[in-house]
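Trainee: For reference, the structure I am asking about is given below.
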Amino acid sequence: MQSLNELQAALLTPHAPTEKWPQQTCSSGDIRIDKEGRWHYQDSEIKRQALCRLFASVLQCQDGVYTVTTPAEQCEVDVEDVPFVIVGWRVISSEQGNVIVCQDNLDREWPILGEFEIETRLYQGQEVPYLKLNYGLAARVNRAVYYQWAEIAEQDDKGLYLNSAGQAYYLT
């Protein structure tokens with residue numbers, strides 16, 4: 001069995017050290033991420049998932065502004081909702097108990113653990129769970145995953161919650 005630190009290290013895709021790179025703004029930022037987490041460049045969808053994962057590794061959000069940062073420049077990205085969508089999940093055993101691990105639309109994995117917690121936000125008029133990610137990013141939990149979680153969720157006087165590594169993460 002793994003410790004929580006080992007589990008996180010094994011799962012998380014490394015993010016580039018964008019905080020160390022110069023912050024020169026680029027002249028044109030025609031990158032857009034739609035509400036389903038699909039990436040577009042100049043109104044054409046980027047279909048190569050490896051390229052989207054590369055862009056995601058240098059994406060960050062500060063004060064509501066999304067940017068892709070490279071060693072040479074920083075380009076603003078238009079994001080309709082959030083850049084990622086949680087489309088699957090599984091449970092992994094750790095020394096501290098079972099950990100729920102989410103899969104996003106780019107096939108990256110995120111444990112519900114520590115800084116990666118669930119928060120609810122208003123989306124299309126309804127309260128919807130989102131998974132907080134690093135670098136100011138988030139992923140909306142899709143409807144199918146939410147319904148699967150509702151089946152395994154526990155409830156107390158605060159509402160429905162998931163138990164991940166012995167911690168309660170509320171869905172409502």
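Trainee: Cβ under 12 Å from Phe116's Cβ, Phe116 left aside: what net charge do those residues give with Lys, Arg +1 and Asp, Glu -1? Present the calculation step by step, with values, prior to reporting the outcome.
Mentor: Working: positive: Arg108, Lys132; negative: Asp104, Glu109, Glu115, Glu117, Glu119.
Every neighbour counted, the sum reads -3.
Trainee: Which Cα, out of Val91, Leu131, Trp149, lies furthest along the positive dipole direction of the chain (beta carbon charges, K/R +1, D/E -1)?
Mentor: Val91
Trainee: What distance in nm separates the two pseudo spin-label positions at Ser93 and Asn5, each 7 Å out from Cα along the beta-carbon direction?
Mentor: My value for the distance between the label points is 2.3 nm.
Trainee: Just to be sure I understand the model, the point goes 7 Å from the Cα along the line to the Cβ. What's the resulting Leu12 to Arg53 distance in nm?
Mentor: 1.8
Trainee: Could you sort the peptides 44-51, 149-156, 78-85 by per-residue average Cβ neighbour count (10 Å cutoff), highest mean leading?
Mentor: Details: 44-51: 10.5, 149-156: 12.4, 78-85: 19.6.
Packing proxy ranking, top to bottom: 78-85, 149-156, 44-51.
Trainee: Right, next: Could you please state, rounded to a whole Å, how far the C-alpha centre of segment 119-149 is from the C-alpha centre of segment 33-100?
Mentor: Centre-to-centre distance over Cα atoms comes out at 14 Å.
Trainee: Further, regarding this structure: Suppose the chain between Thr120 and Ala72 were pulled fully straight at 0.36 nm per residue; how much longer would it get relative to their current alpha carbon spacing? Working shown, then result.
Mentor: On the way: separation 48, 0.36 × 48 = 17.28 nm, distance 3.58 nm.
Full-extension gain reported as 13.7 nm.
Trainee: Next question, about the same structure. Taking the simple approach of a point 7 Å from Cα along Cα-to-Cβ for both Glu80 and Asp107, what is their distance in nm?
Mentor: Computed distance between label sites Glu80 and Asp107 equals 2.4 nm.
Trainee: Mind listing the lone cysteines of the chain, meaning no other Cys beta-carbon sits under 4.7 Å from theirs?
Mentor: If one checks each Cβ against the other cysteines of the chain, Cys52, Cys61, Cys102 turn up with nothing under 4.7 Å.
Since every read-out is calculated from the coordinates, none of them should be taken as a lab result. What you see is a predicted model; the values in this text were computed from it and never measured. Cβ atoms come from the backbone with ideal geometry, glycine included; neighbour counts cover every protein chain shown.
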